[in-house]
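Before any comments, here is the structure.
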Amino acid sequence: MNRILAGTPTIVRRAGWAAVLVLAGVATTFVLPAGRIFPFSQFVVYLGAAAGLTVLMGLSGQLSLGHAAFMAVGGYTMAFTQNALYERGFTVAPPAGGSGRFASAAPPVAALWTLPVSLLAGVVAAVLAGALVGLAAARLRGPYLAGVTLTIGIAVPSVTATFAVLGGEQGFAVQVPRRPSWLAADIATEAQWRAWLALVATAIMLAVLANLSRGPLGRDLRAVRDDEVAAALAGIPVARTRVLAFVVSAASAGLAGGLYVYLTGTVLPGYFSFTTSLFLLLAAVLGGLGSLAGAAWGALFVVAVPIATAELVGALHAGPALAQRLAGNLPLALLGLALIVVTLTARRRPRSPGWRAVRSLGRRGQDGRTPSGSLHPSAEDDRKVGAAP
Amino acid sequence: MQRFGYLTVDGLASGAVYATFALSLVLIWRAGRIVNFAQGAIAVASAYLAWSVTAHTHSYWLGFVAALAGGALLGVVVERGVMRFVPADRPMDAVIVAVGVMLVVQGVLGMLYGADHRPVPAPLPTGVWRVGGVATVSPYQLFVVGAVAVLVAALALLFTRTRLGLRLRAAAFAPEVARLLGVRVARMTTVAWALASAAGALAAMLVLPSGLGLTPTAMDGVFITAFTAAVIGGLDSAVGAVVGGLAVGVVVNYVTGYAGNPNLANLAVLALLVIVLLVRPGGLFSGVAVRRA
C-alpha cells in the first residue's frame, strides 16, 4: 500500500488514511444496532484522548494519571461557549418533525457552526491548562510527576462538583446543534449524526498527532525521553520539548472532552472522574505506549470489556444484587489485571526503527565502526549504551 | 480564636493519620524506590477485613488486630507476587503496575462487598470535652494521636535499636554492600512492605470512622494528602513524613474550616503539593539529592 502511494506527499497520504477511517466508522454506525451507537461514539472519543496520552507517555516518557482533568477543562469550556453562543441568538429553527401547533412552540436549536467554535474554545482552554501543568511537570520525574497528575485527576472532578457556577454534582444541559434538516430521519438518527461528527473531529486530530509524532517534534521527544543530557548537547531545548508534549496531549484530551459533551448534550463531573483517567491510562498502555493504532485497540478494549462483562453477567442469570456488584467492578478488576500483565511482560518493546538508526549513527561517530552485535539491537541494548552510570 | 484552637486540634488529629500513611509510603520508597500507588487500596482492603471480623465476633478490637495483620499479609502478597517483577530502572512501569494492583484490589472489594457506602462507628466517643465552655479534644482524637505516637515510637525503636532495623537500613541504603555482608536484601524489601502496609491499615482504621465511611475508593483522598505530606518531608525521611503529615493536616483543616466547604480539601492539597515541588523540590527534610529517581 505504501509503495503504491510512494509518490504522494505525506500530508496527503495521512489525510487519505483519515478519510478512509471516517468512512469505515460511518459504515460501522449503519451496521451496529441502535443501542450500540453511543458506546461506539464513546470509543471514538476515548480513542482521541488515549492517542494524546500515548504520545505523552510513549514518546516523551512523561506519565499522566489525571488526564481526564484536561477532558474536563475542554468539556466545561465547550459547554459554556456553546450555551453563550446559544443565548446570543445564534440559532436555527427546530428540526422538522413536530407538526401542528407544537411545531411553532418548539424552541430553536443552536446553529451547526457553533459546534466547531465551541470545540475549538475547549481545545484552547485545554492547551492553556496543559502548558501550566507541563511547566510544572518539566521539572519533575517519575513518581513525583505521577503523584502530581494523580492529585490533579482527583482534585479537578471534586472542584467541578463543588462550585455552583459549574452546575455542581448534577451538571447542566448544553444547547448543542441538532442533525441538519436535509438528513431525513429514516437515513440517519441523531445518535448516528453525532457519531459521524465525533469521527471527523477525531480523525483530524489523529492525522495531526501522526504528523507531529513522526516529524521533528516526535524525534525531539524520543531523544529527550531516552537521554536528556545527550538531547541537550544536540541542541534540543529539553524543557520546552517536554512542555510541548503536555500541550499536544492536553489539546487532544480537551477536544475529546468537548466531543463527549456534544455526544451527551450535558456536562457533569462524573464524565471526567478519576476512573476516566484510569481508563485512558489503560487504553494507552494496553495498546502499546507510543502507538496511535495501539491506542485504538486500547480504547476498544476499555469500552468493550464493561459491555461484554455486563452481557456475560446477564447471561448467567445472576440475582440482581450480585449483578449490580459485578457490573462496575468485574471489568475494573479485569482491566487492572490486564494492565499488570501487559506492563510486566512487554518489557522488550522495540524502539522505532528510525530512532535505532539515529543511535547507531551516534555510535559509529563515537568509535569509528558500525555497531557490533546483532543485526537488530533490542531496546535493552539501546538502554545499556545510554545509561552508562 | 476559639474556632482557631479547635481547628488546630482537629487538624493535628487528622494530621496524625496522614503522618501514619505518609510513613507507610516512605517505608516502601526507602526500601525499593517505589511510590506504592496501591497503598490506599490495600489499606481499604484491611479495613473491610476488620469490618467483617467485627461483624462476626462483635469485637472492635479483634477487627482492629485483624486489619493490621491482614494489611501486612496483603503487602507481602503484593510485593512478592507483583511488584518484585518490575525492573528497578523503570519508574514509570512501577507506577503503572501499582495502579493496576489498585484497580484489581478495588474491583475485587467492590465485587465482594458492593460499592455502597458503609458508615464506620468510632470505638470511642467523638464528642469533644469542654473545659470552661471551650471545646478542647475528644476521646477518639486522643486515641488517634496516641495510636500514631505508639507506632512512631515502635518504628523508631525498630530502626535504631534492633538488628532487624539495622539490616533494613543497610538494605535500603546500600543494597550491594549489604548483600555482600550477608543481608538478605530481597527479604528486607518484603519486610518493609509488610510494615508499611500494616501502618497503612492502621491509618485507614483511624481515619475511616471520622466521617469518611467505607467504600472501595475511600482512601483516594487520604492517599493524595499523605503523598503530599511525604513529599514535603522529602519522601526519604521518616521524621519529615511525620512533620509533613501534621502540617498538611492542620493547613487543610484551616482551609476547609474557614471556607466552610469540605470539598476544597483536595484542591488545597493540590496547591500545597505544587507549591512545595516548585519552591523546594527536595522537600524540607531531604538530606541527599535523590530527586532524579
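The values are calculated or read from the model by the stated rules, or taken from the named source; none is laboratory data. On a predicted model such as this, the values are computed, not experimentally measured, just so you know. With ideal geometry, Cβ positions are generated from the backbone for all residues, glycine too; neighbour counts draw on all protein chains shown. These accessible areas exclude ligands, DNA and RNA; they are computed on the full protein's heavy atoms, side chains included. Shrake-Rupley method; radii C 1.70, N 1.55, O 1.52, S 1.80 Å.
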* To do: Looking at (1) modelled with pLDDT of 90 or more; (2) farther than 25 Å from residue B:65 by Cα, find the lone condition where residue B:174 falls short.
  => (1)
* Would you call residue B:258 under 20 Å from residue B:16 (Cβ atoms) and over 12 Å from the mean Cα position of the chain (by Cα)? -> no
* List every residue pair whose Cβ atoms sit under 7 Å apart, with the two residues 6 or more apart in sequence or on different chains, where the first one lies in region B:167-183 and is under 16 Å from residue B:88 (Cα atoms) and the second, anywhere, is open to solvent by 60 Å² or more (accessible area, probe 1.4 Å). => B:172/B:30
* Of the residues that sit in region A:114-148 and are under 30 Å from residue A:83 (Cα atoms) and within 14 Å of chain B (Cβ to nearest Cβ), which one is farthest from the chain's Cα centre (by Cα)? -> A:132
* Asked: Is one or more of the residues making up region B:256-266 touching a Phe, Trp or Tyr at 6+ places or on another chain (Cβ under 7 Å) and either at pLDDT 90 or above or of a type in the set (Ser, Thr, Tyr) (or both)?
  -> no
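The rows are residues; the columns are (1) at pLDDT 90 or above; (2) acidic (Asp, Glu); (3) within 19 Å of the chain's Cα centre (by Cα); (4) open to solvent by less than 20 Å² (accessible area, probe 1.4 Å).
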site	(1), (2), (3), (4)
A:269	no, no, yes, yes
A:279	yes, no, yes, no
A:285	yes, no, yes, yes
A:298	yes, no, yes, yes
A:346	no, no, no, no
A:356	no, no, no, no
* Restricting attention to region A:295-341, which residues are among the polar types (S, T, N, Q) and at the interface with chain B (Cβ under 9 Å from one of its Cβ atoms)? -> A:324, A:329
* Asked: Is there a residue in region A:80-88 that is over 21 Å from residue A:264 (Cα atoms), at pLDDT 80 or above and out of contact with any His (no Cβ under 8 Å at 6 or more places or on another chain)?
  -> yes
* **Selection count where residues are more than 9 Å from every other protein chain (Cβ to nearest Cβ) and small (Gly, Ala, Ser), scope region B:78-97** => 2
* To do: Look at residue A:167 and say whether it is on the phi > 0 side of the Ramachandran plot and open to solvent by 20 Å² or more (accessible area, probe 1.4 Å).
  => yes
* Could we say that residue B:148 is open to solvent by less than 60 Å² (accessible area, probe 1.4 Å), more than 30 Å from residue B:84 (Cα to Cα), assigned to a helix (DSSP H, G or I) and in contact with a helix residue (DSSP H, G or I) (Cβ under 6 Å, 6 or more places away or on another chain) here? -> no
* To do: Scan region A:145-155 and give yes if some residue there is touching a Ser or Thr at 6+ places or on another chain (Cβ under 9 Å), open to solvent by 20 Å² or more (accessible area, probe 1.4 Å) and in a loop (DSSP other than H, G, I, E, B), otherwise no.
  => no
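Check every one of the helices (runs of 4 or more DSSP H) wholly within region A:172-239 and list those with 1 or more residues that are among the small types (Gly, Ala, Ser) and free of Cβ contacts under 8 Å to residues at least 12 places away in the same chain.
Values: elements: A:190-214, A:216-226, A:228-233.
Result: A:228-233.
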* Within the set of pairs 6 or more residues apart or between chains, which connect a residue that is closer than 17 Å to residue A:202 by Cβ inside region A:113-128 to a residue that is open to solvent by 60 Å² or more (accessible area, probe 1.4 Å) with Cβ atoms less than 9 Å apart? -> A:118/A:80
* **Given (1) within 14 Å of chain A (Cβ to nearest Cβ); (2) within 14 Å of the chain's Cα centre (by Cα); (3) closer than 18 Å to residue B:39 by Cα, index of the condition residue B:236 fails** => (2)
* Asked: in contact with a Lys or Arg (Cβ under 8 Å, 6 or more places away or on another chain), over 30 Å from residue A:225 (Cα atoms) and either more than 14 Å from chain A (Cβ to nearest Cβ) or open to solvent by 10 Å² or more (accessible area, probe 1.4 Å) (or both): does that describe residue B:115?
  -> yes
* among the hydrophobic types (A, V, I, L, M, F, W, C) and farther than 20 Å from residue A:61 by Cα - does that describe any residue in region A:244-255? -> yes
* Asked: Do you know which of the residues in region B:88-108 that are over 16 Å from residue A:274 (Cα atoms) and among the small types (Gly, Ala, Ser) is modelled with the highest pLDDT?
  -> B:94
* Select from region A:235-244 the residues that are surrounded by 13 or more Cβ atoms within 10 Å (Cβ to Cβ) and small (Gly, Ala, Ser) and list them in ascending order. => A:239
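May I ask you to verify whether residue B:62 is under 21 Å from residue B:214 (Cα atoms), free of Cβ contacts under 8 Å to residues at least 24 places away in the same chain and away from chain A (no Cβ under 13 Å)?
yes
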* To do: Among the numbered conditions (1) at the interface with chain A (Cβ under 10 Å from one of its Cβ atoms); (2) at pLDDT 80 or above, tell me where residue B:291 comes up short.
  => (2)
